[in-house]
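Handing you a structure now.
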Amino acid sequence: MNTKKKVLTIIVFILFVIVFVLAYFLFQKYVIKSNFERDILPFANKNDKTVFEVNKIVLFSNCDAKNKTGSASNFTIENLYQFTDLAIFINHSSIEEKTAENTFKKVCIKNIQYPISPELGNPKLFFKGLNHFAKSDFILENEIHDTLDFMITSENEANLDTPTLFNNLANPITLSYINQNIKTDYTITDTTTPITYDGSLLKRCHIDLSSITCKLSFDLYITNNLDEEFKTTVFIDIPLTSQDQSILDGNLNITLNTNFAFYRYQ
């Protein structure tokens, strides 16, 4: 009789342990599910629609140089640089009129990165005035070091040589990627062929395009007029070739249809 009681006690104990373990795992599953819903559902509810997106980027790539000395038999380049101007168009996906939800209150650029850096040169990102787009000039003071804050205006006219955006998304963000000092103090001895200040300089200076390949990324932040905050990350492969063109032939002009959607985080 005692043996039967012991066996029964052991069986009951084992069943209790099994039930306890099952209950523990079910409880853990419930906790994980609850935590997931607590963290994800508010985010999903904030992003049930796309308010802002980068839907187009126009890219213009070229090359230029500063000369140091020149003569009838040779020409020395002080700073050979490749640049790509970027016009980033932000759109709202709604067909409605402009509202407090889909207009700008604040816009800024942060976290500039180079996931793929060029082997030659010194890459930097600059603000560039719209009127100077596709021109080789750049202003050293316009280099973006950490953050670029745009002034937002609702006026009919604005100085677009400064970082200014119309609040109704009327003008693009214009920037310039510049890779300086690809070659310095380089002498071109063949002066029988005229020197052209464009991408053909890379060929004249024997630059392999693979050595200046670059991938650029940065974060764009928007605050709308409801004080809702949005963010997206833009990735750009600096264009040096296309299907039928190369910067070595002069310059390169490419339009990208993109879908960098902003997500709302506040």
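What full-extension length gain, to one decimal in nm, is calculated for D48 and D249 as 0.36 nm per residue of separation minus the Cα-Cα distance?
On the way: separation 201, 0.36 × 201 = 72.36 nm, distance 4.63 nm.
Answer, rounded to one decimal: 67.7 nm.
Taking a threshold of 23 Å on the Cα-Cα distance, which of the pairs K105/K215; K56/K231; K49/K124; K135/K203; K110/K135 fall above it? Walk me through the intermediate numbers first.
Numbers: K105/K215 29 Å; K56/K231 17 Å; K49/K124 35 Å; K135/K203 20 Å; K110/K135 25 Å.
Distance filter (> 23 Å) returns K105/K215; K49/K124; K110/K135.
Something else: Solvent-accessible area per residue for the chain at a 1.4 Å probe radius, Å²?
In whole numbers, the chain has 58 Å² accessible per residue.
Leaving out ligands, DNA and RNA, what percent of the accessible area of the chain is carbon and sulfur, probe 1.4 Å?
Values: 8350 of 15530 Å².
Solvent-exposed carbon and sulfur of the chain make up 54 percent of the total.
Once the dipole of the chain is set up with Lys and Arg at +1 and Asp and Glu at -1 on Cβ about the Cα centre, which of N171, V51, L201 lies farthest towards its positive end?
So the residue we want is V51.
Please list, by residue number, every one of the trypsin sites (Lys or Arg not before Pro) in segment 194-226 that is coil in DSSP and has at most 15 other beta-carbon atoms within 10 Å.
Passing both the DSSP loop test and the Cβ count: no residue.
While we're looking at this one, here's another question. Given Cβ point charges of +1 (Lys, Arg) and -1 (Asp, Glu) and nothing else, what value in debye, to the nearest 20, does the dipole of the chain about its Cα centre take?
Roughly 1860 debye for the chain.
To the nearest 10 degrees, how steeply does helix 2-46 sit against the main Cα axis of the chain, on a 0 to 90 scale?
30
How about K183: which aspartates and glutamates have a C-alpha closer than 16 Å to its C-alpha, ignoring those fewer than 8 places off in the same chain?
D64, E78, E119, D198, D208
Would you work out the relative contact order for the chain, in percent, from Cα pairs under 8 angstrom that are 6 or more residues apart? Display every interim value, and only then the final one.
Values: 523 pairs, mean separation 75.3, N = 266.
Answer for the chain is 28 percent.
The values are calculated or read from the model by the stated rules, or taken from the named source; none is laboratory data. Being a predicted model, the structure only gives us computed values, none of them experimental. Don't worry about glycine lacking a Cβ; one is built from the backbone with ideal geometry, like all the others, and counts go over all protein chains shown. Side chains included, ligands, DNA and RNA excluded: accessible areas come from the protein's heavy atoms. Shrake-Rupley method; radii C 1.70, N 1.55, O 1.52, S 1.80 Å.
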